[in-house]
Amino acid sequence: MSDTHFYNVADGHGLPHDPFKAIVAPRPIGWISTVDCQGRGNLAPYSFFNAFCDAPPIVAFASSGYKDSVRNVEETGEFVANLAVRSLAAQMNRSAAPFPQGEDEMRAVGLTPAPCRQVRASRIAESPAALECRLLRILPLEDLTGASTDTWVVFGQVVAVHIDKTFLKEGLFDTGAAQPILRAGYLADYVAVGSDTMFQMRRPRTAEEALKP
Ligand SMILES: Cc1cc2nc3c(=O)[nH]c(=O)nc-3n(C[C@H](O)[C@H](O)[C@H](O)COP(=O)(O)O)c2cc1C
């Protein structure tokens, strides 16, 4: 049997750094663009991000603290989730800096705003894919005692999708070619997906199939 490091969270992890985010990794990055009520753009990466439903498509990101992105979505009811990819990693990272409220990080980090069709926020022209989303709900997270965690989960329904045709191969979005980047491990760790790191495995349709050697 393997030797296990066990801890009750209430007692502390007893390690140099909290392993939680290294265990729940890698996490996709929602590169969230919004506008405020005056129409001023905002852009920031969120790795507490994922898809939770595909019919209809629903995504969510969580903000640790009530940040500009959440406030903008609450004000406008809209956001865009842009795909963060290897070629845009530096810009993604720079867009996380605490820019003054109202300053558009997209332009500030050298990216090109492109218009969306159903929401006012711009998408990133250089990104291989962008999801236009309408707000479903903002959920303030509480812990087991009912105390506030100061974390806000923003759920949005995807109402329109942009895909750079360069990444459409025979009608399929080529994730390996797009090379999305994901948060992994500790402070500075990332994973990039590429065709070399992808593999195929078909899901068993029956228990008999699952038990075949
Ligand atoms: C890769 C990456 C992932 C991040 N993920 C989150 C996250 O999930 N939640 C969060 O609150 N902040 C996250 N941040 C920090 C925010 O991007 C940062 O606080 C940003 O300034 C927020 O901008 P805003 O106030 O314009 O929304 C992340 C930063 C990076 C670089």
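The values are calculated or read from the model by the stated rules, or taken from the named source; none is laboratory data. This structure is a prediction, so every number in the text was calculated from the model and none was measured. When we count neighbours, we look across all protein chains shown, and the Cβ atoms used for this are built from the backbone with ideal geometry, even at glycine. All accessible areas refer to the heavy atoms of the entire protein, side chains included, with ligands and DNA or RNA removed. Shrake-Rupley method; radii C 1.70, N 1.55, O 1.52, S 1.80 Å.
Calculate, in whole percent, how much of the Cα-Cα pair population of the chain lies beyond 22 Å.
Value for the chain (Cα pairs over 22 Å): 56 percent.
Contact order normalised by length for the chain, with contacts defined as Cα pairs under 8 Å and 6 or more residues apart; what percent is it?
On the way: 425 pairs, mean separation 46.4, N = 213.
Relative contact order here is 22 percent.
Taking all protein chains together and a probe of 1.4 Å, list H13, H5 from the most accessible to the least accessible.
Solvent-accessible surface, decreasing: H5, H13.
Using only DSSP helix segments of four residues or longer, with each worth -39500 (n - 2.57), what per-residue ellipticity at 222 nm results for the chain after dividing by its residue count and rounding to 500?
Theoretical 222 nm ellipticity from helices: -3000 deg cm²/dmol.
Taking the stretch 1-127, how much of its Cα-Cα pair set, in percent, is spaced more than 26 angstrom apart?
On the way: 2432 of 8001 pairs.
Counting pairs separated by more than 26 Å, the tail of P(r) holds 30 percent.
Sorted by accessible area (1.4 Å probe), largest first, how do M92, M198, M1 line up?
Heavy-atom accessible area, descending, gives M1, M198, M92.
For the stretch 114-171 and the stretch 183-211, compute the distance between their C-alpha centroids and round to whole Å.
The two parts, judged by their Cα centres, are 23 Å apart.
Sort C37, C116, C53 by accessible area with a 1.4 Å probe, largest first. Before the final figure, lay out the partial values.
On the way: C37 100, C116 25, C53 50 Å².
Listed by decreasing accessible area, they come as C37, C53, C116.
Between D143 and H5, how high is the FRET efficiency from 1/(1 + (r/R0)^6) when r is the Cβ-Cβ distance and R₀ = 25 Å? Nearest 0.05.
That pair, D143 with H5, gives E of 0.60.
Averaged per residue, what accessible area in Å² does the chain show with a 1.4 Å probe, protein chains only?
Heavy-atom SASA per residue in the chain reads 62 Å².
Using packing as a proxy for protection, rank 153-165, 120-132, 21-33 so that the peptide with the highest average count of other Cβ atoms within 10 Å comes first.
Result, highest mean Cβ count within 10 Å first: 120-132, 21-33, 153-165.
Could you work out how much longer the chain between R94 and R203 gets when fully extended? Use 0.36 nm per residue separation minus the Cα distance between them, nm to one decimal.
Contour length minus Cα-Cα distance gives 35.3 nm.
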